[in-house]
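Shown next, in structure tokens, is the structure this report addresses.
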Amino acid sequence: MNGSGRLLCALYLATSGGLACTTTLEYRGGGPLWAVFLCAAAAVVPVIAVVRETLIAELRAAGAGRRRPARSAADEIVRENLDAACCERWWTSLGTAHDAVCPHRVPRSSAA
């Protein structure tokens, strides 16, 4: 994690600590219960941000050693479907026709 990421995490944790103190003061001061729960929920949000920053830093560090970024599941599905297309005419005709040089000249039927 670089310096700006560490600074952000420190600010997030300081904010979370301040909100936790506010939650305690609100509870001890006899404030409304909804305000106590609101402050407690707000204290958790910066902790989630720290986890997210740490995860992003780990993913960047893991991806720095690779030449290409990792593909998502949707990219893999699209790649498999593109690789399954046997020729350009089959692809553009929605599987009803094939190029003259295509080894799969028999039209694929979509009938079940």
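Values as computed for the structure displayed
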{"quantity": "Residues within region 9-37 that are of a type outside the set (Phe, Trp, Tyr) and surrounded by 15 or more Cβ atoms within 10 Å (Cβ to Cβ), tallied", "calculated": "9"}
{"quantity": "Those residues of region 70-94 which are farther than 30 Å from Glu58 by Cα, part of a loop (DSSP other than H, G, I, E, B) and either of a type in the set (Asp, Glu) or modelled with pLDDT of 70 or more (or both), in sequence order", "calculated": "Cys86, Cys87, Ser93, Leu94"}
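The values are calculated or read from the model by the stated rules, or taken from the named source; none is laboratory data. What you see is a predicted model; the values in this text were computed from it and never measured. Cβ sites come from the backbone with ideal geometry, for glycine too, and all protein chains shown count toward neighbours.
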